[in-house]
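Data block below; observations after.
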Amino acid sequence: MPSSEVKPRICHIVRGDAGYGFHLFGAKNSTGHSIRKVEENSPASQSGLLTGDKIVAVNGVNVQEFRHAQVVAEIKKIDNETTLLVIDDEGEKYCLEHDIDITEEMVAAAVVAAIPTPPRKESLKEEIISELIAEDNTEDDDQSKSKPRPKLCKLVKQEGGYGFNLHSEKGSSGKTVSFVDPDGPAFVAGLHVNDRLVEVNGANMENERHSKVVQSIKESGDCVELLVVDPSTDNYYMACHVVPSSEHLTGEVPTRTGE
């Protein structure tokens, strides 16, 4: 199989009322762990986890040589959420045959170790309708133009979904992007890890529950607009005591006290 198709994935799963929504299979007294079933519309399904995926790591800990009970224990170490590094069956076989260690770094690099990967086809950008709206107001002076603005990312769903994961800190209303698939619509639309989600299709989501945000994105169908701020922009608006919104894409940018 082409090396460009051999990519592990990171699935961040937030536990729902009925659990995570996946079933783990591990032969007794044996290593090697695969996803036997993913419940429909479950947190596992929403994270991108697929039936047949092989678990490589749990919460950053490699579990390939762990027994079934040890893997379950690792999943339970963090309350109400877990992060799984997984790869499909063919990808695992390819890596084993070529003596390649499967790591989280491969996800970010979108490449398998040192094996050359064919360049991204330009047609991908042509097929995905996406644009970033972070234009400067031409009527503003130079100082205003340099002020940070939020970013509007327009994503068109592909077969594998939108290609990103959201993370919500326990006890916090903030939702940040924890993973972006380098070959997915989110990446092409300009979404980055650590971007904080502010709006979904023009509706503010800052004080909504994680499940509500996910539901809003799913109900968008095959296209969704996400208004986000990167960490530096987020800090700027917090210092201004202003909630970023779609109005700040091209309108007046708030000024911090003393500027």
Qualifying helices (runs of 4 or more DSSP H) (wholly inside the range 161-247; at least 1 residues being more than 23 Å from Asn80 (Cβ to Cβ)): 185-189, 231-239
For the range 229-245, what are the residues that are surrounded by 21 or more Cβ atoms within 10 Å (Cβ to Cβ) and in contact with a Ser or Thr (Cβ under 9 Å, 6 or more places away or on another chain)? Pro244
Consider only pairs whose beta carbons are under 6 Å apart and that are at least six residues apart or on different chains; among these, list those whose first residue lies in the range 7-34 and is within 26 Å of Ser211 (Cβ to Cβ) and open to solvent by 50 Å² or more (accessible area, probe 1.4 Å) and whose second residue is acidic (Asp, Glu) and at pLDDT 90 or above. none
Checklist (1) of a type outside the set (A, V, I, L, M, F, W, C); (2) touching a residue at least 24 places away in the same chain (Cβ under 8 Å); (3) closer than 21 Å to Gly48 by Cβ applied to Asn62, failing item: (2)
Answer residue from the range 171-210, given it is crowded, with 22+ Cβ neighbours inside 10 Å and small (Gly, Ala, Ser) and is nearest to the chain's Cα centre (by Cα) among those: Ala186
Residue that is aliphatic (A, V, I, L, M) and either farther than 13 Å from Leu84 by Cβ or at pLDDT below 90 (or both), where the choices are Ala69, Ala44, Ala57: Ala69
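The values are calculated or read from the model by the stated rules, or taken from the named source; none is laboratory data. Computed from a prediction, not measured in an experiment: that's the story for all the values here. Ideal geometry is used to build each Cβ from the backbone, glycine not excepted, and the neighbour counts take in all protein chains shown. To get the accessible areas, we keep the full protein, side chains included, count just its heavy atoms, and leave off ligands, DNA and RNA. Shrake-Rupley method; radii C 1.70, N 1.55, O 1.52, S 1.80 Å.
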